[in-house]
Amino acid sequence: MLKIFICEDNTEHLHNIQKHIDNYILIEDLDMEIAYVGTSPQQLLQYFDDCERKSEKVTGLYFLDIDLNCDIDGISLADKIRQHDPRGFIVFVTADAKSHLLTFEYKIEAMDYIVKGEDNFNVRIRECVKNAHSRYNSKIINALQTNFVFELSKGHTISIDTANILYFETSQDKPHNLNIYTKETKHQFRGSLKVIAKKLDKNFFRCHRSYIVNIKKITMFDSIVHQITLENGAVLDVSDKYIKELKNLMRA
């Protein structure tokens with residue numbers, strides 16, 4: 001899961017950024033969470049120390065004020081973050097439009113620079129969240145022709161041959177989670193069918209708002225009652241609007 005960190009010494013700006021990110025994650029149903037919101041760079045760095053003691057790796061999206069009014073400024077903080085999270089996404093929030101020039105001196109690669117007070121400030125915040133989420137999922141949730149890799153829990157990933165996957169199902173008891181089924185196993189992980197659907201090959205089809213099915217694993221298709229049966233005996237509903245398309249895919 002991509003974690004979000006906000007470090008800003010002005011509490012009004014801090015809470016504004018947090019509010020817009022929280023709302024955007026909720027509206028778009030993104031697999032993200034805010035891990036730190038505060039004014040102290042030392043506390044943010046302590047988060048990494050705690051993770052290292054637990055052997056946990058962190059990939060984050062960081063919104064950092066350049067001027068933190070303490071002994072560590074945003075650029076120095078970003079440099080320290082890079083030592084722990086070299087693949088993280090860093091966004092500098094600044095009151096000075098020219099301050100981005102300092103990052104070249106320190107060779108800090110930033111995803112974006114957002115100037116406080118500009119008219120589209122909140123839009124830029126949401127765009128950074130959207131872009132980071134997209135780029136993160138292209139790396140972490142890999143639906144390749146041979147393997148599907150997902151994060152089962154913190155620091156614990158599982159790889160499953162896509163040929164063995166029967167279907168994905170939206171979890172009914174745990175929001176923002178999916179169940180993945182093979183003939184012998186079931187796993188639950190955080191994610192959304194909308195994201196997964198874009199990553200899978202042509203053998204997978206979203207037949208219902210709650211299911212993505214491996215067409216090759218269908219043993220029976222009843223177009224009258226709008227249901228399919230899979231190799232493990234599971235019976236899934238098919239939405240009316242997908243009946244014709246699924247029929248054509250199964251004939252191909």
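The values are calculated or read from the model by the stated rules, or taken from the named source; none is laboratory data. Since we're looking at a predicted model, the values are computed, not measured. So basically every Cβ, Gly included, is an ideal-geometry build from the backbone, and we count neighbours across all protein chains shown. In case anyone asks, the SASA skips ligands and DNA or RNA and just uses the protein heavy atoms, side chains included. Shrake-Rupley method; radii C 1.70, N 1.55, O 1.52, S 1.80 Å.
Data for the structure
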{"read-out": "Residues that are of a type in the set (K, R), under 19 Å from L178 (Cα atoms) and part of a loop (DSSP other than H, G, I, E, B), drawn from the stretch 193-252", "value": "R209"}
{"read-out": "Among the candidates I114, I81, I108, residue that is buried (at least 18 other Cβ atoms within 10 Å of the Cβ) and either at pLDDT below 85 or in a loop (DSSP other than H, G, I, E, B) (or both)", "value": "I108"}
{"read-out": "Selection from the stretch 16-28 of residues that are open to solvent by 60 Å² or more (accessible area, probe 1.4 Å) and either of a type in the set (D, E, K, R) or touching a strand residue (DSSP E or B) at 6+ places or on another chain (Cβ under 8 Å) (or both)", "value": "K19, D22, E28"}
{"read-out": "Every pair of residues 6+ apart whose Cβ atoms lie under 9 Å, when the first sits in the stretch 215-237 and is on the phi > 0 side of the Ramachandran plot while the second is in a loop (DSSP other than H, G, I, E, B)", "value": "H226/V238; H226/S239"}
{"read-out": "Residue, farthest from I66 (Cα to Cα), within the stretch 6-41, restricted to residues that are touching a residue at least 60 places away in the same chain (Cβ under 8 Å) and part of a strand (DSSP E or B)", "value": "M32"}
{"read-out": "Of all residues making up the stretch 135-164, the number that are modelled with pLDDT of 80 or more and open to solvent by 70 Å² or more (accessible area, probe 1.4 Å)", "value": "2"}
{"read-out": "Tally, over the stretch 165-178, of residues that are part of a loop (DSSP other than H, G, I, E, B) and open to solvent by 20 Å² or more (accessible area, probe 1.4 Å)", "value": "5"}
{"read-out": "Qualifying residue in the stretch 179-190 (condition: within 30 Å of K3 (Cα to Cα), touching a residue at least 60 places away in the same chain (Cβ under 8 Å) and surrounded by 12 or more Cβ atoms within 10 Å (Cβ to Cβ))", "value": "yes"}
{"read-out": "Among (1) within 27 Å of K19 (Cβ to Cβ); (2) at pLDDT below 90; (3) open to solvent by 80 Å² or more (accessible area, probe 1.4 Å); (4) not in a loop (DSSP other than H, G, I, E, B), the one test that E127 misses", "value": "(2)"}
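Yes or no, residue by residue, for (1) closer than 20 Å to K116 by Cβ; (2) open to solvent by less than 60 Å² (accessible area, probe 1.4 Å); (3) basic (K, R); (4) assigned to a helix (DSSP H, G or I):
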| site | (1), (2), (3), (4) |
| --- | --- |
| Q43 | no, no, no, yes |
| C51 | no, yes, no, yes |
| L64 | yes, yes, no, no |
| D67 | yes, no, no, no |
| L77 | yes, yes, no, yes |
